[in-house]
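Undergrad: Here it is, the structure, as structure tokens.
The values are calculated or read from the model by the stated rules, or taken from the named source; none is laboratory data. Keep in mind that this is a model prediction, so the values were computed, not measured. Neighbour counts are summed over all protein chains in view; Cβ atoms, including those assigned to glycine, are modelled from backbone coordinates with ideal geometry. Surface areas here come from the heavy atoms of the whole protein model, side chains and all, with no ligands, DNA or RNA. Shrake-Rupley method; radii C 1.70, N 1.55, O 1.52, S 1.80 Å.
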Amino acid sequence: MARAERAKFRKNDPAGMRKRVIDAAACAFQAQGYGATSMHDVVRAAAVTGGALYHHFPTKKDLALAVVAERVSGEIAETWIAAVDGAASGAEGVVAVFEETADALDRQGSVSGCPLGNLALELSLADDGLRRAVEGEYRAWQDAIAARLDRDERAGHADFVAGDALGLADTVVAMFTGAMSIAKARQDATALRACARRLRLMMGLPA
């Protein structure tokens, strides 16, 4: 790193430095995987010193836990939880996420997968602490969808829930993560669109 650049990052901005590190790590984990990303890769991508990185994150596991809690969790909250909660109905919100994600992938022209799903596949058997962190995000995602579907059913607008909002929410999450894995393998969004069509039929929405 050039001397001027090092001096720039010596300024007392620990919050900004920490954010850069987490952002860089989240991008690297998504693009190449947790195992293939070294701490040196993160140092280089975030333009920080090794000392600064290890001050905030003594181990790679600490960094991964922060990525899950502060980046992946936020993506789920924005993409899923807020979208479903703010939709006219839970069913419409669920289907809209599948369709809008497919549209976004088409515009992007490439598929790197679901950030949470990628980490789940790679980390769940590697470390129990990381597994619990990933499982907790899945649980929050599932619970949020279930809560909305349960409200709709109680209001008489979602007979398809059939008293099992939690089970249906788990199905939706499984469909999305599975469809994203297929989309990553195929590099197209057809699986997401197929799931959206099936969910429309199952939830009684117009085609």
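Undergrad: Say whether the condition of being under 17 Å from Ala83 (Cα atoms), open to solvent by 60 Å² or more (accessible area, probe 1.4 Å) and under 18 Å from the mean Cα position of the chain (by Cα) is met by at least one residue in segment 147-169.
TA: no
Undergrad: Keeping to segment 14-26, report how many residues are more than 12 Å from Asn118 (Cα to Cα) and under 21 Å from the mean Cα position of the chain (by Cα).
TA: So the answer is 8.
Undergrad: Can you find a residue in segment 188-199 that is under 23 Å from Gln32 (Cα atoms), of a type in the set (A, V, I, L, M, F, W, C), assigned to a helix (DSSP H, G or I) and in contact (Cβ under 8 Å) with a residue 24 or more places away in the chain?
TA: The answer is yes, given that some residue of segment 188-199 is under 23 Å from Gln32 (Cα atoms), of a type in the set (A, V, I, L, M, F, W, C), assigned to a helix (DSSP H, G or I) and in contact (Cβ under 8 Å) with a residue 24 or more places away in the chain.
Undergrad: Which pairs have Cβ atoms under 7 Å, sit 6 or more apart or on different chains, and link a residue in segment 55-79 that is open to solvent by less than 50 Å² (accessible area, probe 1.4 Å) to one that is part of a helix (DSSP H, G or I) and among the aromatic types (Phe, Trp, Tyr)?
TA: Between residues of segment 55-79 that are open to solvent by less than 50 Å² (accessible area, probe 1.4 Å) and residues that are part of a helix (DSSP H, G or I) and among the aromatic types (Phe, Trp, Tyr), the close pairs are Val67/Phe29; Ile76/Trp141.
Undergrad: Right, something else. In the set Ala45, Ala24, Ala36, which member is assigned to a loop (DSSP other than H, G, I, E, B) and farther than 22 Å from Ala144 by Cβ?
TA: Only one candidate passes the filter, namely Ala36.
Undergrad: While we're here: Evaluate the following for Glu122: is it of a type in the set (Asp, Glu), in a helix (DSSP H, G or I) and in contact (Cβ under 8 Å) with a residue 60 or more places away in the chain?
TA: yes
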